[in-house]
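K.L.:
Got a structure here, written out as structure tokens. Questions coming.
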Amino acid sequence: MLVHKGPRLLEFIGKKASNKSLRWLRSRNVEVKLEQAVDLNSTSDGSQVYRTSTGESLEADCRFLCVGKPLATAWLSETILKTNLDKNGRLMVDEYLRVKGRSNIFAIGDITDIPEIKQGYLAQRHALLVAKTLKLLMAGGKESKMTKYVPGLPIAMVSLGRKNGVAQFPFATLCGRIPGWLKSGDLFLGTTRKQMGLKP
């Protein structure tokens, strides 16, 4: 059984990927309960029965808590950057990944308000661009020579078990063994290590 408090699975990517994942899970007899949360404090010692936010009781042999972590940017509201945070707690950046209104403060990764899926490989692209920009500026280069950041395409791959997955590309959404093979091989660790100059 899978309990999810959102209206659909994989809310961070497109609806097609979400729907394909839901169909895949249900085809394997996984009961999916949407728009509910499990109260982990609702069980007593030794009991395997949990209560949901709708009052339903669920029995489980084991449980896995899988939740996203909220942005840890609250501390920024007490700094000079407090006026640079958007309503979601992200730093507003310009096309060069500079914090808006600041000429020498840059931001990369999930903390930025760039309208793209927040993924590690995109944070790496941010870092490479900012490093290049800092080298240029430190060498006395002109701002007109700075490279603009182009947001990443909505590409995502999610494992569905050991051999299957769902993949969202700009041109298609796939579900099954091919995306599973692409994602589950080494979770792209070999590629990332190679990009960083490390042995795969």
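K.L.:
Please state which of the following conditions Gly165 fails to meet, knowing it meets all the rest: (1) part of a strand (DSSP E or B); (2) open to solvent by 30 Å² or more (accessible area, probe 1.4 Å).
P.N.:
(2)
K.L.:
Could you check the range 170-188 and list, in sequence order, the residues that are surrounded by 11 or more Cβ atoms within 10 Å (Cβ to Cβ), hydrophobic (A, V, I, L, M, F, W, C) and over 15 Å from Ser18 (Cβ atoms)?
P.N.:
Selection gives Ile178, Trp181, Leu182, Leu187, Phe188.
K.L.:
Being in contact with a strand residue (DSSP E or B) (Cβ under 9 Å, 6 or more places away or on another chain) and modelled with pLDDT under 90 narrows it down to one residue among Lys100, Lys183; which is it?
P.N.:
Result of the check over Lys100, Lys183: Lys183.
K.L.:
Residues of the range 12-31 being assigned to a loop (DSSP other than H, G, I, E, B), open to solvent by less than 40 Å² (accessible area, probe 1.4 Å) and not β-branched (Val, Ile, Thr), which ones?
P.N.:
Gly14
Listed here are the residues, each with its yes/no results for (1) among the aromatic types (Phe, Trp, Tyr); (2) closer than 24 Å to Thr79 by Cβ.
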site: Val99; (1), (2): no, yes
site: Arg102; (1), (2): no, yes
site: Ile108; (1), (2): no, yes
site: Asp113; (1), (2): no, yes
site: Arg125; (1), (2): no, no
site: Lys132; (1), (2): no, no
site: Lys148; (1), (2): no, no
site: Gly161; (1), (2): no, no
site: Trp181; (1), (2): yes, no
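K.L.:
I've got another one for you. Cβ contacts < 6 Å: first residue under 16 Å from His126 (Cβ atoms), restricted to the range 83-109; second residue among the basic types (Lys, Arg) and outside any loop (DSSP other than H, G, I, E, B), any location; separation 6+ or different chain. Result?
P.N.:
So the pair list comes out as Phe106/Arg98.
K.L.:
Give just the number: which of (1) at pLDDT 90 or above; (2) surrounded by 10 or more Cβ atoms within 10 Å (Cβ to Cβ) does Ala72 not satisfy?
P.N.:
With respect to (1) at pLDDT 90 or above; (2) surrounded by 10 or more Cβ atoms within 10 Å (Cβ to Cβ), Ala72 is out only on (1).
K.L.:
Now for a separate question. Which residues, counting only those in the range 119-150, are outside any helix (DSSP H, G or I) and either open to solvent by 60 Å² or more (accessible area, probe 1.4 Å) or polar (S, T, N, Q) (or both)?
P.N.:
Passing the criteria: Gln119, Ala139, Gly140, Lys142, Thr147, Lys148, Val150.
K.L.:
Are there any pairs with C-beta distances below 6 angstrom linking a residue in the range 18-41 that is aromatic (Phe, Trp, Tyr) to a residue that is surrounded by 12 or more Cβ atoms within 10 Å (Cβ to Cβ) and not in a loop (DSSP other than H, G, I, E, B), with the two at least 6 apart or on different chains, and if so which?
P.N.:
Once the first residue is aromatic (Phe, Trp, Tyr) and sits in the range 18-41, its partners that are surrounded by 12 or more Cβ atoms within 10 Å (Cβ to Cβ) and not in a loop (DSSP other than H, G, I, E, B) give Trp24/Leu160; Trp24/Cys175.
K.L.:
What are the residues in the range 36-52 that are surrounded by 13 or more Cβ atoms within 10 Å (Cβ to Cβ) and outside any strand (DSSP E or B), if any?
P.N.:
Within the range 36-52, Gln36, Ala37, Ser42, Thr43 meet the criteria.
Yes/no per residue for (1) surrounded by fewer than 16 Cβ atoms within 10 Å (Cβ to Cβ); (2) part of a helix (DSSP H, G or I); (3) polar (S, T, N, Q):
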site	(1), (2), (3)
Leu10	no, no, no
Lys33	no, no, no
Thr54	yes, no, yes
Val67	yes, no, no
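The values are calculated or read from the model by the stated rules, or taken from the named source; none is laboratory data. These numbers come from a predicted model, not from an experiment. Positions of Cβ are backbone-derived with ideal geometry, glycine not excepted, and every protein chain shown enters the neighbour counts. Remember, those area values only see protein heavy atoms, side chains included, never the ligands or the DNA or RNA. Shrake-Rupley method; radii C 1.70, N 1.55, O 1.52, S 1.80 Å.
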